[in-house]
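Novice: Got a structure here, written out as structure tokens. Questions coming.
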Amino acid sequence: MMERANGASVRALVLSTLAFTLCFAAWMINGVLVTYLVNNNLFRWSSVEVGWLMGVPVLVGSVFRLPVGMLTDKFGGKWVMTIILFLTAIPMYFLSGADSYTMFLLLSFGFGIAGSSFAAGVAYTSLWFPEKKQGTALGIFGAGNIGAAITTMLAPKLLNVLTHQRNNPDGWRGLPQIYAAVLVIMGIVFFVFAGNKKPSEIKSIARRLSPLKEARVWRFGLYYFVVFGSFVALTQWLIPYYVNVYSMSIVMAGFMTTAFNLPSGITRIVGGIISDKVGARIVLYWVFGTCIVCLILLMPPRIEIRTPGQGIMSPTEGVAELVSDSVIVIRKEKSESEKTTFRLQGQTLSGKDANIRFGIHHDKEGFLLLPTTITWQEPIIKEGDEITKGQLIARGITEVYFQANKWIFTSLVFIIGIMLGMGSAAVFKHISVYYPKDIGTVGGIVGVLGGLGGFVDPILFGYLLAASGVWTSCWALLAFVSLVSLVLMRFAITRQTPGISEGISKK
């Protein structure tokens with residue numbers, strides 16, 4: 001696979017990828033843990049507070065990527081990665097004793113350092129491989145974001161075991177202790193078996209920050225804000241989404257979320273290969289375009305609406321002789337024989353009794369692709385009432401129901417996960433084309449900007465949910481940001497400098 005790659009190189013790649021995977025799993029723990037605590041009423045936190053708890057670790061991990069990259073260059077990845085693993089384990093362990101929102105938030109700040117392991121791993125791994133093989137090596141390392149899938153898949157099951165199927169709710173405190181123990185073990189393994197390397201040239205802070213002057217770097221940061229930030233945000237947000245919108249157990253919600261984040265790690269490698277062949281620009285076109293379409297399809301919420309339908313008006317004057325749920329008989333005044341019979345509409349399209357109330361769909365529903373409509377009529381008069389010509393004697397009621405089928409929903413989310421993984425690789429392909437000698441520096445800056453998406457999005461999701469009361473508001477936000485990125489990319493391409501080949505000029 002790798003020319004000039006010896007056993008030490010492979011060992012460095014394996015160890016750094018494994019360490020990053022476990023750090024990523026720890027980084028995402030609040031998505032599962034906070035959802036469990038809130039839905040079991042162990043803590044009464046609002047959607048906004050939940051958004052902050054999910055976003056804060058991501059903020060810390062993102063902001064610390066730049067200084068961690070610098071420390072890795074100075075002291076070597078062996079020392080920095082080992083310290084990150086141990087530093088993450090400490091607040092993770094004390095999270096088991098948290099008994100208030102403030103304590104939970106502060107400890108989330110603490111273990112958020114796990115997210116900076118990406119910068120340490122990139123700087124460390126790239127030193128062990130020749131330049132032409134760095135893309136492949138970093139693609140394999142980047143697949144460590146499947147740590148998110150480890151948490152969404154295993155953490156809910158561990159919670160069930162630790163709480164004895166919720167019979168001992170306080171058993172959740174064992175979960176962060178398990179995570180802390182695994183991080184400590186990995187830290188020991190990394191320290192014992194990993195070699196150490198430092199770059200021949202250590203860049204100054206001014207040199208590292210100089211790319212911030214270029215608009216292109218900020219544009220790449222926006223792309224990464226969308227593809228990586230959305231991945232991180234949705235890895236956590238989808239857990240409460242499934243629980244609240246589809247009434248799933250937290251275990252099932254974790255399983256469904258894994259269908260989103262697991263393929264992303266794999267397709268990140270595929271995205272890098274495709275970007276090498278057809279160019280990062282083409283890949284990003286498809287990524288943003290496909291995501292926008294899927295996000296628009298996800299916007300219509302699961303709804304049940306009752307609205308006025310077609311009623312019945314009496315064409316003549318008279319007296320209501322018979323009024324029932326199925327028929328109304330109007331006898332013409334001063335006549336015993338002249339009667340008009342009105343049969344009330346009371347059948348659904350499937351032939352079932354339509355005299356129902358809200359909620360029946362949630363008890364008995366199959367696979368509904370499109371919105372369904374049920375219409376019926378109810379009398380608003382009583383027997384013996386005098387009726388005037390044109391008077392409404394039965395009001396029409398129409399109930400519109402859209403299921404937002406969970407399997408269709410999950411399929412669309414699955415596609416988005418695939419696209420986000422490929423998009424993350426394409427962004428770093430862009431960086432390698434335009435900044436071949438500063439991949440670590442520019443990649444670190446772009447990584448910070450992109451990681452901020454994982455911080456900002458859950459918080460905005462929480463505010464949008466609190467303001468609108470609609471869970472699907474998150475898809476509207478992501479669709480808007482994706483569209484902005486697509487427009488900016490297209491605008492940049494129309495202004496690209498002539499002379500750079502079409503194959504690699506993928507702004």
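Novice: So, in the range 286-309, how many residues would count as being in contact with a Gly (Cβ under 8 Å, 6 or more places away or on another chain) and exposed (fewer than 13 other Cβ atoms within 10 Å of the Cβ)?
Specialist: 1
Novice: Could you list, in sequence order, the residues of the range 429-485 that are part of a helix (DSSP H, G or I), surrounded by fewer than 20 Cβ atoms within 10 Å (Cβ to Cβ) and among the small types (Gly, Ala, Ser)?
Specialist: Across the range 429-485, the qualifying residues are ALA466, ALA467, SER468, SER473, ALA476, ALA479.
Novice: Separate question: Residues in the range 226-265 that are over 16 Å from the mean Cα position of the chain (by Cα) and under 24 Å from MET489 (Cα atoms): how many?
Specialist: Residues flagged as over 16 Å from the mean Cα position of the chain (by Cα) and under 24 Å from MET489 (Cα atoms) within the range 226-265 amount to 0.
Novice: I've got another one for you. Is it the case that VAL227 is in contact with a Gly (Cβ under 7 Å, 6 or more places away or on another chain), of a type in the set (Val, Ile, Thr) and either assigned to a helix (DSSP H, G or I) or assigned by TED's automatic domain parsing to the domain that holds PHE288 (or both)?
Specialist: yes
Novice: From the list VAL293, VAL323, which one is in contact with a strand residue (DSSP E or B) (Cβ under 6 Å, 6 or more places away or on another chain) and not polar (S, T, N, Q)?
Specialist: Every option except VAL323 fails the conditions.
Novice: Pick from TYR179, TYR93: which is modelled with pLDDT of 95 or more and crowded, with 23+ Cβ neighbours inside 10 Å?
Specialist: Result: TYR179 is the single residue among TYR179, TYR93 that is modelled with pLDDT of 95 or more and crowded, with 23+ Cβ neighbours inside 10 Å.
Novice: Is there a residue being surrounded by fewer than 21 Cβ atoms within 10 Å (Cβ to Cβ), at positive phi and without any contact (Cβ under 8 Å) to a residue 60 or more places away in the chain anywhere in the range 62-70?
Specialist: No, the range 62-70 contains no residue that is surrounded by fewer than 21 Cβ atoms within 10 Å (Cβ to Cβ), at positive phi and without any contact (Cβ under 8 Å) to a residue 60 or more places away in the chain.
Novice: I would also like to ask the following. Would you confirm whether or not the range 226-241 contains a residue that is of a type in the set (Gly, Ala, Ser), crowded, with 23+ Cβ neighbours inside 10 Å and more than 24 Å from GLY139 (Cβ to Cβ)?
Specialist: Within the range 226-241, none of the residues are of a type in the set (Gly, Ala, Ser), crowded, with 23+ Cβ neighbours inside 10 Å and more than 24 Å from GLY139 (Cβ to Cβ).
Novice: Scan the range 346-404 residue by residue and report those that are modelled with pLDDT under 75, touching a strand residue (DSSP E or B) at 6+ places or on another chain (Cβ under 7 Å) and among the small types (Gly, Ala, Ser).
Specialist: Correct list: GLY346, ALA354.
Novice: Next question. Read through the list (1) loosely packed, with under 15 Cβ neighbours inside 10 Å; (2) at pLDDT 95 or above; (3) of a type in the set (Gly, Ala, Ser), then give the number of the only condition that ALA206 fails.
Specialist: (2)
Novice: Can you tell me which of ARG268, ARG219 is assigned by TED's automatic domain parsing to the domain that holds GLY144 and more than 17 Å from the chain's Cα centre (by Cα)?
Specialist: ARG219
Novice: Please name all residue pairs, on different chains or six or more residues apart, with Cβ atoms under 8 Å, provided the first residue is in the range 472-487 and is farther than 13 Å from TRP237 by Cα and the second residue is of a type in the set (Lys, Arg) and surrounded by fewer than 18 Cβ atoms within 10 Å (Cβ to Cβ).
Specialist: Nothing qualifies.
Novice: Same structure, new question: Any residue at all in the range 211-222 that's charged (D, E, K, R), more than 23 Å from ALA143 (Cβ to Cβ) and in contact (Cβ under 8 Å) with a residue 60 or more places away in the chain?
Specialist: Yes, because at least one residue in the range 211-222 is charged (D, E, K, R), more than 23 Å from ALA143 (Cβ to Cβ) and in contact (Cβ under 8 Å) with a residue 60 or more places away in the chain.
The values are calculated or read from the model by the stated rules, or taken from the named source; none is laboratory data. Quick caveat: nothing in here was measured; it's all calculated off a predicted structure. For neighbour counting, all protein chains shown are included, and Cβ atoms are generated from backbone atoms with ideal geometry for every residue, glycine included.
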